[in-house]
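J.: Here you go, one structure.
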Amino acid sequence: MQLLDGKLLSENIKAELAAEVALIRERNGKIPHLAAVLIGDNAASEVYVNSKIRSCEQIGFKSSLIRRPADTPENEVLDIVRRLNEDPDVDGFIVQLPLPKHIDEEKITLAIDHRKDVDGFHPINFGRMAQGMPAFLPATPYGIVEILRRYNIETSGKHCVVVGRSNIVGTPISILLSRKGYPGDCTVTLTHSRTRDLPAEVRRADIVVAAIGIPEFVKGDWIKEGAVVIDVGINRIPDASKKSGSRLVGDVDFDSVAPKCSHITPVPGGVGLMTVTALLMNTLKACKKQVYE
Ligand code: NAD
């Protein structure tokens, strides 16, 4: 069994991005600029946004953080989005989800200029991705295809079972892996909470992508010998042996699954870090106008 090391890959990709920034500086070009909007004080969101901002600093991107309290009215958030849409210095921006309950996430997503939508959540980017047109790919699925590509995992003709059909992970990764080309050309089964006999579906998979949100849900006896397992889950569970009283686990029961598979992403240190890195790759593309003129 080989670990698919998201930490190592992220470091390699960040070094490539930093080298590009150095070249841009030398030519007096425009430095990529990512802005992040954080509303409220959700602890997990804070960790994610800080990690995005820190990553920008590491590689020489410009970054801005716009913070507002949890009771910020929806209109004010829409104003922030409009200002960022119009700011010529900002290449791309994200509005960290989840938003407080009184704010309509769909409305906010639709208000983002798709040319700056480096999270790839806008329906224009989603539709273009589905049709194989240039688009900002959603960051987590983009991170997953980069893992497969950089580890040279064979995908053509393989049977891939995706568990979970969310708009940000399960559904887009099922589209990307079924698309023509590499990584892709898989035969994909998209499973969810209404799937009958999920273990039997997963047992047929050469590649499993687990994005459910239930700690250690996928068990070793669901896994075909030699399968590739991509664990997207990030769940915090109590652990009295840790100083913090808790630890992070994925949606896959690592201890029973790892011995069965050929490759597996660890949690932490797998898909999560690649998600942040994919956001940086999208921001560079936005700055270089590689997706939209
Ligand atoms: P979500 O809650 O939006 O979707 C969960 C999906 O799992 C749903 O489609 C549902 O049908 C399916 N599901 C729920 N119970 C099921 C069951 N018993 N059997 C089969 N399917 C079931 O979740 P999401 O936003 O896609 O996130 C999934 C996981 O990935 C979470 O742990 C989340 O924290 C993590 N996540 C990680 C990253 C990252 O960067 N690594 C990014 C996004 C989400």
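J.: Please give the Cα centre distance for region 204-259 versus region 35-95, rounded to the nearest Å.
T.: Going from one Cα centre to the other spans 31 Å.
J.: Per residue, what volume in Å³ does the convex hull of the Cα atoms of the chain enclose? Mind showing how you got there, number by number?
T.: Details: hull volume 40.3 nm³, N = 293.
Spread over its residues, the Cα hull of the chain gives 137 Å³ apiece.
J.: Which one, V257, V81, A36, projects farthest toward the positive side of the charge dipole computed for the chain from Cβ point charges (K/R +1, D/E -1)?
T.: My answer, from the dipole projection, is V257.
J.: Here is a further query. List residues of region 47-61, by number, whose backbone nitrogen lies under 13 Å from a label position 7 Å along Cα→C-beta of R236.
T.: Label zone hits: 47-48.
J.: Isolated Cys in the chain by the 4.7 Å beta carbon test?
T.: C56, C261, C287
J.: Okay, moving on. I want the antiparallel fraction of DSSP beta bridges within region 139-273, as a percent rounded to 5. Kindly include the intermediate steps, with their values, before the conclusion.
T.: Values: 4 of 20 bridges.
Close to 20 percent.
J.: Grab the beta carbon distance between A200 and I31, set R0 = 51 Å, and tell me the FRET efficiency rounded to 0.05. Walk me through the intermediate numbers first.
T.: On the way: r = 51 Å, r/R0 = 1.01.
The value I calculate is 0.50.
J.: Further, regarding this structure: Counting only protein heavy atoms and a 1.4 Å probe, tell me what percentage of region 27-117's accessible area is made up of carbon and sulfur. Write down the numbers at each step before the final one.
T.: Details: 2280 of 4690 Å².
It is 49 percent, rounded to a whole number.
J.: Given +1 on the Cβ of Lys and Arg, -1 on the Cβ of Asp and Glu, and no further charges, what dipole in debye does region 1-140 carry about its Cα centre, rounded to the nearest 20?
T.: The calculated dipole for region 1-140 is roughly 300 debye.
J.: Let me ask you something else. So how exposed is Y151, as accessible area in Å² (1.4 Å probe, rounded to 10)?
T.: 50
J.: A further question on this structure: Heavy atoms of the protein only, probe of 1.4 Å, neighbouring chains included. What is the accessible area of D41 in Å², nearest 10?
T.: Accessible area of D41: about 120 Å².
J.: Give me the accessible area per residue for the chain, probe 1.4 Å, as a whole number in Å². Walk me through the intermediate numbers first.
T.: Numbers: 13820 Å² over 293 residues.
Dividing the accessible area of the chain by its residue count gives 47 Å².
J.: Using a 1.4 Å probe and counting only protein heavy atoms, arrange R179, R25 so the residue with the most accessible area comes first.
T.: Numbers: R179 75, R25 135 Å².
My answer, sorted largest first, is R25, R179.
J.: Using only DSSP helix segments of four residues or longer, with each worth -39500 (n - 2.57), what per-residue ellipticity at 222 nm results for the chain after dividing by its residue count and rounding to 500?
T.: Values: 10 runs with 114 residues, N = 293.
Rounded to the nearest 500, the figure is -12000 deg cm²/dmol.
J.: How much of the accessible area of region 139-273, probe 1.4 Å, is carbon plus sulfur, in whole percent? Walk me through the intermediate numbers first.
T.: Values: 3040 of 6060 Å².
Using a 1.4 Å probe with all protein chains present, region 139-273 comes out at 50 percent carbon and sulfur.
The values are calculated or read from the model by the stated rules, or taken from the named source; none is laboratory data. Keep in mind that what you see is a predicted model, and the values were worked out from it rather than measured. Don't worry about glycine lacking a Cβ; one is built from the backbone with ideal geometry, like all the others, and counts go over all protein chains shown. For the accessible areas, the whole protein counts, side chains as well, though only heavy atoms, and no ligand, DNA or RNA atoms are used. Shrake-Rupley method; radii C 1.70, N 1.55, O 1.52, S 1.80 Å.
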